[in-house]
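K.L.:
Here it is: the structure, laid out below.
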């Protein structure tokens, strides 16, 4: 019996030794496959293809719905639902790569920062086009609208009511989100969460007041060039406020789950950059579209 046990132990040790040798030999043979860089090579993902399909369904469904085709509304809602689902799953994958897989090295973070900067620049180009249309129509108004700006038939919104209140709310939210960022850098989690709660509440209140402004506005988007420029610029900005609010809510949840440190929190930092961009755009909208254009 003892001989059997000793022989088994000897064989197990021999097998373990041979397995180690085989592993070392395998690594030696395929060492050229190792990457010498710190970039993140993402795994194959179905989300880009599905996101393109969802965007196609959304835009096609919207056009069909506006032309009252049968099935247009169903195609629109299906595409919208698919995009929402892909946004969640794709965001989930990126969070997993950044936290549990530890794929976001310093080099990867630099690339992400550059990507966020380029994204904000592309958004600036959107608003540049809207402001171009606005100033083109307002600085040299044509005879079609009475030769004056705003057009004679338009009753503008009082600058010192909801627009001024929203300016105060948005600038205050910019201060509170900066407070949250500095609190995170100082490892003060409680202060970070409190500041983010204030920011999210202010952002939500801004969106509600802008919706109230739209409901009670004395003109609509079909009222000539003034209505088109006003609703396109302010509405697109309101959409950005909504997206920024969602990003801050996600950052709030991730802070609760301890996904961020004082040196590794680019997801939160990107949301802050986006929010400050929203603040600056609103200042231009308030000064030009509300105050300068008011009668």
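The values are calculated or read from the model by the stated rules, or taken from the named source; none is laboratory data. Just so you know, these numbers come straight off a predicted model, no measurement behind them. FYI the Cβ positions are ideal-geometry reconstructions off the backbone, even for glycines, and counts take in every protein chain you see.
K.L.:
Could you please let me know if residue 160 is within 25 Å of residue 199 (Cα to Cα) and modelled with pLDDT of 85 or more? Give the derivation first.
P.N.:
Working: within 25 Å of residue 199 (Cα to Cα): yes; modelled with pLDDT of 85 or more: yes.
Yes, satisfied.
K.L.:
Just one of the numbered conditions (1) closer than 28 Å to residue 103 by Cα; (2) in a helix (DSSP H, G or I); (3) in contact (Cβ under 8 Å) with a residue 60 or more places away in the chain is not true of residue 259; which one?
P.N.:
The one condition residue 259 does not meet is (2).
K.L.:
May I pose another question? Kindly indicate whether residue 119 is touching a helix residue (DSSP H, G or I) at 6+ places or on another chain (Cβ under 9 Å) and in the same structural domain as residue 228 (by TED's automatic domain parsing). Working first, answer last.
P.N.:
Working: touching a helix residue (DSSP H, G or I) at 6+ places or on another chain (Cβ under 9 Å): yes; in the same structural domain as residue 228 (by TED's automatic domain parsing): yes.
Yes, satisfied.
K.L.:
Within segment 87-104, can you find the residues that are under 15 Å from residue 251 (Cα atoms) and part of a loop (DSSP other than H, G, I, E, B)?
P.N.:
Listed by number, the list holds a single entry, 99.
K.L.:
Out of the residues in segment 173-203 meeting the condition of being surrounded by fewer than 16 Cβ atoms within 10 Å (Cβ to Cβ) and farther than 24 Å from residue 264 by Cβ, tell me which one is farthest from the chain's Cα centre (by Cα).
P.N.:
Ranking the candidates gives 175 first.
K.L.:
Six or more apart or on different chains, Cβ atoms under 6 Å: show the pairs whose first residue is in segment 262-285 and in contact (Cβ under 8 Å) with a residue 40 or more places away in the chain and in the same structural domain as residue 160 (by TED's automatic domain parsing) and whose second is surrounded by fewer than 18 Cβ atoms within 10 Å (Cβ to Cβ) and not in a helix (DSSP H, G or I).
P.N.:
As it stands, the answer is 262/187, since those pairs meet every condition given.
K.L.:
Sticking with this structure for a sec: From 277, 230, which residue is within 30 Å of residue 187 (Cα to Cα) and in contact with a helix residue (DSSP H, G or I) (Cβ under 7 Å, 6 or more places away or on another chain)? Step through it out loud before you land on a result.
P.N.:
On the way: 230 fails: within 30 Å of residue 187 (Cα to Cα).
Checking each option against the conditions leaves just 277.
K.L.:
Checking the structure you have, find out if any residue of segment 119-131 is exposed (fewer than 14 other Cβ atoms within 10 Å of the Cβ) and over 20 Å from the mean Cα position of the chain (by Cα).
P.N.:
Yes: segment 119-131 contains one or more residues that are exposed (fewer than 14 other Cβ atoms within 10 Å of the Cβ) and over 20 Å from the mean Cα position of the chain (by Cα).
K.L.:
Please verify whether segment 219-232 includes one or more residues that are in a helix (DSSP H, G or I), over 22 Å from residue 115 (Cβ atoms) and within 18 Å of the chain's Cα centre (by Cα). Spell out how you get there, then give the answer.
P.N.:
So in segment 219-232, the residues in a helix (DSSP H, G or I) come out as 224-232.
Cutting the leftovers down to over 22 Å from residue 115 (Cβ atoms) gives us 224-232.
From the residues that got through so far, the ones that are within 18 Å of the chain's Cα centre (by Cα) too are none.
Within segment 219-232, none of the residues are in a helix (DSSP H, G or I), over 22 Å from residue 115 (Cβ atoms) and within 18 Å of the chain's Cα centre (by Cα).
K.L.:
Which residue out of 59, 77, 81 is out of contact with any helix residue (DSSP H, G or I) (no Cβ under 7 Å at 6 or more places or on another chain) and either farther than 28 Å from residue 253 by Cβ or touching a residue at least 60 places away in the same chain (Cβ under 8 Å) (or both)?
P.N.:
Numbers: 77 fails: either farther than 28 Å from residue 253 by Cβ or touching a residue at least 60 places away in the same chain (Cβ under 8 Å) (or both); 81 fails: either farther than 28 Å from residue 253 by Cβ or touching a residue at least 60 places away in the same chain (Cβ under 8 Å) (or both).
Within the list 59, 77, 81, the selection yields 59.
K.L.:
With the structure loaded, tell me whether residue 72 is closer than 25 Å to residue 248 by Cβ and modelled with pLDDT of 90 or more or whether it fails that test.
P.N.:
Details: closer than 25 Å to residue 248 by Cβ: no; modelled with pLDDT of 90 or more: yes.
For residue 72, the condition - closer than 25 Å to residue 248 by Cβ and modelled with pLDDT of 90 or more - is not met.
K.L.:
So, residue 248, is that one farther than 15 Å from residue 276 by Cα, in a helix (DSSP H, G or I) and touching a helix residue (DSSP H, G or I) at 6+ places or on another chain (Cβ under 7 Å) or not?
P.N.:
No, not satisfied.
K.L.:
Which residues, counting only those in segment 115-151, are assigned to a loop (DSSP other than H, G, I, E, B) and over 19 Å from residue 221 (Cβ atoms)? Step through it out loud before you land on a result.
P.N.:
Taking segment 115-151 first, the residues assigned to a loop (DSSP other than H, G, I, E, B) are 140-142, 146-151.
140, 142, 146, 147, 148 - these are the residues of segment 115-151 that are assigned to a loop (DSSP other than H, G, I, E, B) and over 19 Å from residue 221 (Cβ atoms).
K.L.:
I'm trying to understand the selection: among the residues of segment 220-251, which are more than 30 Å from residue 148 (Cα to Cα) and surrounded by 20 or more Cβ atoms within 10 Å (Cβ to Cβ)?
P.N.:
The answer is 241, 244, 245, 248, 251.
K.L.:
Being in a helix (DSSP H, G or I), surrounded by 13 or more Cβ atoms within 10 Å (Cβ to Cβ) and over 15 Å from the mean Cα position of the chain (by Cα) narrows it down to one of 82, 112, so name that one. Don't jump to the end; show me each part of the working.
P.N.:
Details: 112 fails: over 15 Å from the mean Cα position of the chain (by Cα).
Result of the check over 82, 112: 82.
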